[in-house]
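Asks: The structure that follows is given in the form of structure tokens.
The values are calculated or read from the model by the stated rules, or taken from the named source; none is laboratory data. Only a predicted model underlies this, so the values are computations on that prediction, with no experimental measurement involved. Neighbour counts run over all protein chains shown; Cβ positions are idealised from the backbone, glycine included. Only protein heavy atoms, including side chains, enter the accessible area calculation; ligands, DNA and RNA are left aside. Shrake-Rupley method; radii C 1.70, N 1.55, O 1.52, S 1.80 Å.
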Amino acid sequence: RADRIFSHVTGNSQFDEFLHNLLKIAAKDNVDVLDKSIYQEIREIRATTDSSSTVKVWIDSDINACSTPNSKISNFCSISYTTPTILINRVTKLMEVIVDGFANIQSSFGTNCANIAKEVVCKGVIPQCSSNRTVATYGNFASSCAGMAACSPNLVSLNGQTGAQICAGQGRQLQLTTCSRYNVGALDATLCGQLPSNITFPSWMVTNLPSQSLSIRTLKTTLERAQVNQDCVNKWVKLVCVNVPFCSADKKKILTAVSKQQCESAIS
């Protein structure tokens with residue numbers, strides 16, 4: 001069943017890279033891989049709520065933390081700049097898959113189209129932090145975007161976005177030092193309940209929350225159609241409901257509420 005679920009999800013643009021990784025691992029039934037790859041993405045694991053709280057959270061990074069992508073990605077994309085830490089943590093595994101499989105991409109689409117895809121992915125997914133870490137800016141790759149028309153329409157589909165959607169974000173700036181409320185008040189009120197009234201998210205993430213809401217509902221439907229045990233469905237949904245990083249009360253840290261135990265429980 002897990003294999004069927006993953007097959008369906010890989011074709012659904014609403015699922016982010018974190019969920020892809022979890023479903024891959026579920027399909028392989030490999031808890032060891034989960035322990036080494038997913039958990040390491042939650043960088044500084046420090047509880048910030050007391051033991052009486054209903055939810056424990058962990059510090060993921062400073063709100064404006066920027067990091068250099070690892071050498072595999074930096075060399076592939078020919079970049080030496082830093083990018084938002086929370087963002088690169090979430091796309092590293094997927095980018096590494098692209099790097100490792102680039103020869104196959106060249107074989108399937110040809111060298112020219114493969115290089116077009118490479119530039120779109122590198123510049124359209126990894127924005128550059130400013131020297132003072134107040135903003136991150138996506139590069140300009142207009143010529144590659146124009147060149148995609150001569151390639152396969154399925155050439156680029158990454159992290160929930162088509163090539164056209166990535167191209168639409170050229171030059172966009174992400175504000176790294178501000179947090180904002182999500183006015184809708186819930187990711188999915190029925191499945192996740194209302195968000196805490198005082199919760200805020202990194203401002204640049206807020207525009208992505210509607211797609212996260214859709215992914216929660218889609219995930220539940222997908223699992224149920226695959227006849228997954230209802231208890232397991234509930235565990236997955238609970239995990240996704242708290243998967244979105246959010247700001248600390250002082251708006252200086254990015255927090256996560258996904259724990260090692262939740263990950264283990266979701267695939268057990």
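Asks: Under the condition of being in a strand (DSSP E or B) and open to solvent by 30 Å² or more (accessible area, probe 1.4 Å), which residue from region 144-191 is modelled with the lowest pLDDT? Steps first, please.
Replies: Of all residues in region 144-191, those in a strand (DSSP E or B) come to 157-158, 161-162, 173-175, 179-180.
Now narrow it down to the ones that are open to solvent by 30 Å² or more (accessible area, probe 1.4 Å): 157, 161-162, 173, 175, 180.
Details: Ser157: 64, Gln161: 68, Thr162: 73, Gln173: 94, Gln175: 95, Ser180: 94.
My answer is Ser157.
Asks: Can you say whether Gln230 is farther than 20 Å from Leu94 by Cβ, free of Cβ contacts under 8 Å to residues at least 40 places away in the same chain and either of a type in the set (A, V, I, L, M, F, W, C) or surrounded by fewer than 16 Cβ atoms within 10 Å (Cβ to Cβ) (or both), as far as the supplied structure shows?
Replies: Values: farther than 20 Å from Leu94 by Cβ: yes; free of Cβ contacts under 8 Å to residues at least 40 places away in the same chain: yes; either of a type in the set (A, V, I, L, M, F, W, C) or surrounded by fewer than 16 Cβ atoms within 10 Å (Cβ to Cβ) (or both): yes.
Yes; evaluated as a whole, the condition is true for this residue.
Asks: Restricted to region 98-134, and to residues that are under 23 Å from the mean Cα position of the chain (by Cα) and open to solvent by 70 Å² or more (accessible area, probe 1.4 Å), which residue is farthest from Pro84 (Cα to Cα)?
Replies: Applying the filter and picking the extreme gives Asp100.
Asks: Considering every residue within region 205-217, establish whether at least one is closer than 30 Å to Pro127 by Cα, crowded, with 16+ Cβ neighbours inside 10 Å and in contact with a strand residue (DSSP E or B) (Cβ under 6 Å, 6 or more places away or on another chain).
Replies: yes
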